[in-house]
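Bear in mind these aren't lab numbers, they're just calculated from the coordinates by the rules spelled out. Being a predicted model, the structure only gives us computed values, none of them experimental. Don't worry about glycine lacking a Cβ; one is built from the backbone with ideal geometry, like all the others, and counts go over all protein chains shown.
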Amino acid sequence: MTQVATNREAISLGTWIGFFSMAGGTFMAVLDTQIVASSLAEIGASLGSTIDEASWIQTAYIIAEVIMIPLAGWLSRSLSLKYLYALACILFTLFSICCALAWSIESIMVFRIFQGLFAGAMIPLLYQAIYALFPRERQANVTLFVVLIIAIAPTIGPTLGGWITQTYSWRWLFLLNVFPGLIVSTSVFYLVKCPPPNFSLLKKFDYQGIILIAIFLGCLEYVLGEGTENDWFESRLIVTLSFIVVTSAGLLLWRELTCRHPVIDLRAFRDRNFATGCLFNFIMGLGLFGSGYLMTVFLSSVRDYNSLEIGKVMMVPGLAMMISLPVVRLFRTRLGVRTTLAIGLILFGVSLSINAFMTAETGFDQLLLPQAMRGFAMMMCMSPITELALGRLPTEAVANASSLYSLMRYLGGGIGIAVINTLVEMRSSLHHQRLVEVLNPARYATSDIITSFSSSVAGQTTDLVQALEGGLQLLSILVERESLLMTCNDIWLMIACLFAISFMLMPTVQKVAPRS
């Protein structure tokens, strides 16, 4: 069988089952990125660690995952698509069992590193499978399904994880992977048809490139994840790691452009659509992960929602994505890839702009429209971006390019969340200062507010001094809440402007021509 199914060749039932098994395995891998996010406190308490130490359960997985993603293309060329995926899935399942049996915070961190490595191999291979297993006329519809799988998993991860932890135990977050993992690895191994491994590539092992990738991406993810907590460049560790990031990035670029057999082939960026598609995917990563993170900050800190209430709001985009699948397919067929993407970018920006006018009373009813619109826009954007980025490349280049393409989304999410964290700290401090200036106790209006708050406290105490202190404390809480609310609105508008700028890049996108 050739690398790409031909138009005349019927797709067997086994191929469909094998591909859907890969989709299920990738859903499982992406889900595990976020499923422990809402249960870190419970895991840390069970293993006798602090919440800061427990946060590394999440960080270790993400760093390992991001390091492996760009290596998956080279490994798939060496071991073949199906053998690498089956191996990655069975090892992912094995280390899921190890995580469930962890006895200390150190042990679960080590197991999560290996779990993240093998999850990182599975994610880009699903994109590669689209172009390896299906003829061109089916690739667009299959891409829609893959996009749904990749995008919906992070939206339900924290909610599902919190429910499992509260209902059963945090160990079931990992045991949940065992049965599906065994089914997926077996199905892929026996049902997916692809060219045999090319073990000769292993003799041309670019170990220098792999080491530089690990150093560059590992340090970059640490800086992005821990920079805000360490006051960025006020920390000597962050400064040192940032220097390592810049140096290793330069060395990696030089190595991969001069090496005869690079582990990641950067020549794919010569294709304008691939380069633009990676930029769009970076922006979509920021929009997907950044908007989800910012919405969680608003709901938890401004609205004081619990995890189930937050999950209810965060499920809306996922449901909208599933419902919109046939509509997006119709748009793509009738209007074309570029027009569909342009409409999606506009809708995404509009949904963000609506959020920029939230108040402290904004709840589920008011958030339903922008959340649903954002889910619809994600489907309108992500499927065309995938087709634009990978659809023009030669078949033999897709394996490497799909890894780079997947990496862009994760880098966009990581950088976006780091920037949002920094903006939350800076803008909330600025808005707090301005509100304090406006609410000067010497002003008559401010005095009335303090008197009103003090009166509400006076019913609980007969001490007038305590009543006054209670009133001032209530005012302070109100100022903190409003400054954070104003900050969230500012950031929503900033992200909306980013999508407006990305819309202006549409003239650079070329029509997708048949693959050579």
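Dipole orientation for the chain: of the candidates L286, A342, T93, A342 has the Cα lying most toward the positive pole (charges on Cβ; Lys, Arg +1; Asp, Glu -1). A dipole drawn for the chain from +1 and -1 charges on Cβ atoms has a positive end, and of Q166, F216, I149 the residue lying farthest that way is I149. Could you give me D for the range 137-238, from Stokes-Einstein at 37 °C and 0.692 mPa s, where the hydrodynamic radius is the Kirkwood radius over C-alpha pairs? Units µm² s⁻¹, please. The diffusion coefficient I find is 173 µm²/s. Taken about its Cα centre, the range 1-149 carries a charge dipole of roughly 700 debye when the Cβ of each Lys and Arg holds +1 and the Cβ of each Asp and Glu holds -1. For the range 26-51, backbone nitrogen atoms closer than 13 Å to the point 7 Å from S104 Cα along Cα-to-C-beta are found at 47-49.
Residue-wise HN-Hα couplings along the range 18-32, as the Karplus relation 6.51 cos²θ - 1.76 cosθ + 1.60 with θ = phi - 60° gives them from phi, are x, 5, 5, 5, 4, 4, x, x, 5, 4, 4, 5, 5, 4, 5 Hz; Gly and Pro carry x. Relative to the longest principal axis of the Cα atoms of the chain, the long axis of helix 236-258 lies at roughly 20 degrees. The relative contact order of the range 196-315, computed from alpha carbon pairs under 8 Å that lie at least 6 residues apart in sequence, is 22 percent.
Scattering from the range 1-120 was approximated by placing one identical point on each alpha carbon and applying the Debye formula without solvent; log10 I(q)/I(0) at 0.11, 0.13, 0.14, 0.19 1/Å stands at -0.44, -0.58, -0.65, -1.00. Here the spin labels are modelled as points 7 Å beyond Cα on the Cα-Cβ line, and at Y293 and M322 they lie 2.7 nm apart. When only Cα pairs below 8 angstrom with a gap of at least 6 residues are kept, the chain shows a relative contact order of 20 percent.
The gain in end-to-end length when the M506 to V246 segment is fully stretched comes to 90.6 nm, 0.36 nm per residue minus the alpha carbon separation.
Stokes-Einstein at 25 °C, 0.890 mPa s, Kirkwood radius from Cα pairs: D for the range 76-160 in µm² s⁻¹? Approximately 168 µm²/s, per Stokes-Einstein. Expressed as an acute angle from 0 to 90° and rounded to the nearest 10, what is the orientation of the C-alpha long axis of helix 307-335 relative to the principal long axis of the chain? Approximately 40 degrees, to the nearest ten.
With everything on Cα atoms, drop me the angle between helix 464-503 and the longest principal axis of the chain, reported from 0 to 90° to the nearest 10. The answer is roughly 30 degrees.
At q = 0.10, 0.12, 0.19, 0.20 Å⁻¹, what log₁₀ I(q)/I(0) does the range 239-340 have when each alpha carbon counts as one equal point scatterer in the Debye sum? Scattering profile of the range 239-340, log10 relative to I(0): -0.58, -0.77, -1.04, -1.07. Multiplying the residue separation of A214 and L202 by 0.36 nm and subtracting their alpha-carbon distance yields 2.5 nm. Once both labels are positioned 7 Å from their Cα atoms along Cα-to-Cβ, the gap between L335 and T258 label points is 4.8 nm. With no solvent and one point per C-alpha, what does the Debye sum give as log10 I(q)/I(0) for the chain at q = 0.09 Å⁻¹? Evaluating at q = 0.09 Å⁻¹ gives log10 I(q)/I(0) of -0.67. Within the range 297-336, name every residue whose backbone N is under 11 Å away from a label modeled 7 Å from Cα of Q366 along the Cβ vector. Zone members listed by number: 303. The simple Förster model, with R0 at 25 Å and r as the Cβ-Cβ distance, assigns I477 and N230 a FRET efficiency of 0.35.
What the phi angles of the range 386-399 give under the Karplus curve with 6.51, -1.76 and 1.60, with θ = phi - 60°, is a coupling list of 4, 5, 5, 6, 9, x, 9, 7, x, 3, 5, 8, 5, 4 Hz, glycine and proline written as x. Kindly state, to the nearest 0.05, the FRET efficiency for T50 paired with L430, given R0 = 35 Å and r defined as their beta-carbon distance. Approximately 0.70, to the nearest 0.05.
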